[in-house]
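So the structure is just underneath, and the comments pick up after that.
None of the figures in this text is laboratory data; all of them are computed from the coordinates on show. As the structure is a computational prediction, the values presented were derived from the model and not from experiment. No Cβ is skipped: glycine too gets one built from the backbone with ideal geometry, and neighbour counts run over all protein chains shown.
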Amino acid sequence: MNLREAGLGFLRVLGGPEANVKIVVTVKLVPEPSSEKKIDSGTKRLVRTGVETVINPYDEYAIEAALALKEKLGGDTTVTVFAMGPENTKETLRKALAMGADDAVFLSDAGLEGSDVWGTASALALGLKKVGFDLVICGGLSDDGSSGAVPGELTEYLGVPGITNARSLDVVDGKVHAQRETDNGYQVVSGPLPALVSVTMAIGEPRYASLKGIMGAKKKTIAPLAIADLASPLALGSAGAKTRLLDFAPPAPRQKAQVVDAPDGATGAKIIFDFLKEKRLV
Amino acid sequence: MNFDLNDDQKAIQALAREFAQAEVKPRAEQMDRDEAFPYDLVAKMTELGFMGLPFPEKYGGAGADTVSYALTVMEIARADASTAITMAAHVSLGATPFYLFGTEEQKQKYLVPLAAGKMLWGFGLTEPNAGSDAGNTQTRAQLRDGKWVINGTKAFITNSGTDLTGGTTITAATGKRADGKPEISNIIVPQNAPGFTRSKKYKKMGWRASDTRELAFVDCEVPEENLLGERGNGLKQFLQVLDGGRISVAALSIGLALGAYDEALAYAKERQAFGKPISKFQAIQFKLVDMLGEIEHAKLMILKAAWEKDNGRDFAQTASFAKLYAAEVSRRVVNEAVQIHGGYGFMDEYPVSRMYRDQKINEIGEGTNEVQRLVLARMMGL
């Protein structure tokens with residue numbers, strides 16, 4: 001049984017023309033990408049204490065897409081950021097509020113610890129239904145787990161049309177329009193709201209949080225949400241996880257660099273070129 | 001006691017760092033070479049709210065505190081000293097006098113556009129023959145028929161001649177006090193005042209992308225209402241402005257030092273000698289340890305001065321110590337940063353060579369190290 005079969009839900013009815021779109025951006029709070037990541041050998045989970053937490057860089061593009069859409073649509077369009085994570089990472093959400101999001105919802109519960117991808121998407125879907133939305137915008141993947149599966153699973157559990165890898169995004173006449181990136185170009189896709197769209201980095205560089213945004217962010221609300229609010233029919237967190245991390249290993253150490261010793265530049269360039277050609281890199 | 005930054009301060013520091021590293025740092029070398037004033041970076045800093053950072057929201061500022069301001073200047077100076085002085089001089093010297101001494105009408109007319117970054121403003125104190133000896137101000141302003149008629153020259157005035165500059169506030173002798181000494185007042189001189197001209201930009205050793213000029217006033221006329229604050233209070237007023245300015249100049253010094261330390265650390269880890277990175281040699285390690293240690297000491301003192309100001313304490317002495325110490329630390333740090341780079345540090349394309357040039361003014365501007373010691377000796381009751 002999945003959540004759809006459990007018959008849960010339901011969705012906000014779109015209240016009129018697009019000048020009243022409720023956009024919710026899912027955001028993950030991850031360890032600072034350049035920090036050294038450690039995995040606890042006992043729990044096999046990423047160590048999150050003593051490491052600076054930031055908004056998943058891919059999600060910043062989703063926030064940018066939402067804010068740009070809000071600016072374009074105007075009216076009563078709102079942007080809510082929605083995150084799930086340990087309580088001590090909550091304040092990281094302020095950056096999204098400082099960038100211009102209207103408010104935030106933070107789903108945090110000790111019972112959600114150890115969620116696998118299924119559990120994460122299930123909890124997020126229940127939370128999103130509770131919050132209500134016309135359009136969910138997601139980043140393509142997270143910088144830490146990097147499964148890239150959550151947007152697709154959310155689409156399924158929410159029972160809404162989904163468009164992945166969007167490089168542009170618009171809402172016209174109650175429909176979402178997007179260009180989907182493919183290996184060879186892009187597709188033009190549209191679907192009715194409510195819908196879910198995941199975006200790529202081509203959607204536009206995330207804006208800076210302005211000083212006024214930062215000073216104003218503390219007046220905005222971060223509404224708490226816990227497992228009890230979700231009324232999940234299924235076990236979540238580690239208890240409900242369907243996958244188990246059995247083992248992990250660091251990447252193989254980088255091979256020793258090959259130093260090209262050549263009498264002159266042209267000869268050296270030729271040796272490097274032949275090497276790359278052999279590896280089919282040029 | 002609490003050494004933690006609050007959430008606003010952390011967020012502002014992170015914003016300044018992100019902006020400075022991504023947008024300012026890659027431009028620093030070319031701007032220095034071309035002596036090009038960074039109009040686009042000023043526009044971006046305006047958009048982010050840096051140009052009105054510490055002023056209340058009702059005047060279009062961001063309403064942030066002095067700690068946040070110091071951290072912001074530090075991060076920008078870490079990427080480029082010219083951009084940092086452009087921003088810091090605008091806030092501390094250009095806009096602050098209006099905030100501290102302006103009438104409500106003057107605040108609306110000048111502070112609001114300045115805080116919004118729509119206009120830059122200079123602060124004209126130094127003269128060709130009067131720097132720290134401000135009592136010897138030669139520039140005269142005489143009140144005639146409801147107008148101040150100004151004659152004199154000002155030297156080394158930052159932000160005084162950009163396309164965005166609206167004018168300069170100057171100190172001038174407006175008469176004689178009862179004790180025979182000149183009566184000094186501050187007068188607002190808009191860019192288009194008749195008789196007011198600016199020289200070309202100075203050719204400078206450092207801070208080359210910042211706008212610094214000599215100002216000349218020949219029977220320059222401005223309306224009587226352009227007096228800033230009370231007549232005769234000019235000396236007291238600019239001393240108060242300089243007290244706050246010392247925090248930002250200290251932050252600028254230490255930001256530059258941090259930037260030089262960043263370069264030296266990266267280079268030491270990368271540069272190989274005798275089969276290993278030079279960072280593995282004690283001679284280099286000791287230098288890096290001393291550099292970071294001194295930077296941290298100075299930073300603590302700067303933030304203490306900023307905290308004192310934010311909490312309404314008398315911060316003048318701490319700010320003065322911070323300015324003096326940070327300036328000297330910046331000299332030692334950039335010097336060692338070049339030394340760690342060896343011959344490459346002497347080459348134009350390595351950022352430390354620019355930082356070495358940019359550093360010297362930290363020990364001269366807004367009160368030389370010697371004058372700073374003099375001021376401190378007085379504060380200590382000597």
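Take the Cα of residue A:175, step 7 Å toward its Cβ, do the same at residue B:378, and the gap between the two points is 7.6 nm.
Here's the list of lysines a cross-link from residue A:256 could span, going by alpha-carbon distance under 27 Å and ignoring same-chain residues fewer than 8 apart: A:37, A:38, A:270, A:277, A:279, B:269, B:276, B:280. Label-to-label distance, residue A:239 versus residue B:136, with points set 7 angstrom from Cα along the beta-carbon direction: 8.3 nm. For residue B:145 and residue A:202, a Förster radius of 56 Å and the Cβ-Cβ distance give a FRET efficiency of 0.30, rounded to the nearest 0.05. Could you tell me what % of all Cα pairs in chain B have separations over 31 Å? Value for chain B (Cα pairs over 31 Å): 35 percent. Separation of region B:330-344 and region B:268-299, taken as the distance between their Cα centroids, equals 11 angstrom. Here the sum of -39500 (n - 2.57) over DSSP H runs of 4 or more residues, divided by the residues of chain A, equals -8000 deg cm²/dmol at 222 nm, to the nearest 500. Other residues with beta-carbon under 11 Å from the beta-carbon of residue B:214 carry, at +1 per Lys or Arg and -1 per Asp or Glu, a net charge of +4. Cross-link partners for residue B:58 among the aspartates and glutamates, with Cα-Cα distance under 20 Å and sequence neighbours closer than 8 places in the same chain left out: B:8, B:47, B:104, B:105, B:310. Taking label positions 7 Å along the Cα-Cβ direction at both residue A:189 and residue B:109, the computed distance is 6.0 nm, reported to one decimal. Take each residue in B:10-16, count the other chain C-beta atoms within 10 Å of its C-beta, and the mean is 5. So, R0 is 45 Å and r is the distance between the beta-carbons of residue A:110 and residue A:72; what FRET efficiency does that work out to, to 0.05? So, using R0 = 45 Å, E works out to roughly 0.65.
In straight-distance terms, cross-link reach from residue A:44 covers every one of the lysines whose alpha-carbon lies under 20 Å from its own, apart from those fewer than eight places away in the same chain; here that gives A:28, A:242. Its convex hull of Cα atoms gives region B:121-232 a direction-averaged projected area, equal to a quarter of the hull surface, of 7.2 nm². Summing charges over neighbours of residue B:317, with a neighbour being any other residue whose Cβ is under 15 Å away from its Cβ, gives +4 when K and R count +1 and D and E count -1. Size descriptors for region B:236-379, from the alpha-carbon set: Rg then Dmax equal 16.8, 61 Å.
I need the calculated FRET efficiency for the pair residue A:182 and residue A:19, taking r as the beta carbon distance and R₀ as 45 Å, to the nearest 0.05. Numbers along the way, then the final one.
On the way: r = 32 Å, r/R0 = 0.70.
Efficiency computed from Cβ-Cβ geometry: 0.90.
For region B:121-232, lysine pairs separated by 8 or more sequence positions, or belonging to different chains, with Cα-Cα distances below 18 Å total 4. For chain B, the 222 nm mean residue ellipticity estimated from helices alone, with every DSSP H stretch of n ≥ 4 adding -39500 (n - 2.57) and the total spread over all residues, rounds to -15000 deg cm²/dmol.
Axis of helix B:282-310 versus longest Cα principal axis of chain B: the two differ by about 30°, to the nearest ten degrees.
If you take all other residues with their beta carbon under 14 Å from the beta carbon of residue B:115, and give Lys and Arg +1 and Asp and Glu -1, the sum is +3. The mean of 1/r over all distinct Cα pairs in the protein assembly as shown, once inverted, gives the Kirkwood hydrodynamic radius of 28.2 Å.
Here region A:120-232 is treated with +1 on each Lys and Arg Cβ and -1 on each Asp and Glu Cβ, and its dipole about the Cα centre works out to around 600 debye.
Binning the C-alpha pair distances of region B:73-158 at 5 Å intervals from 0 yields a P(r) profile of 3, 13, 15, 17, 22, 17, 8, 3, 1, 0 %, listed from the shortest bin outward.
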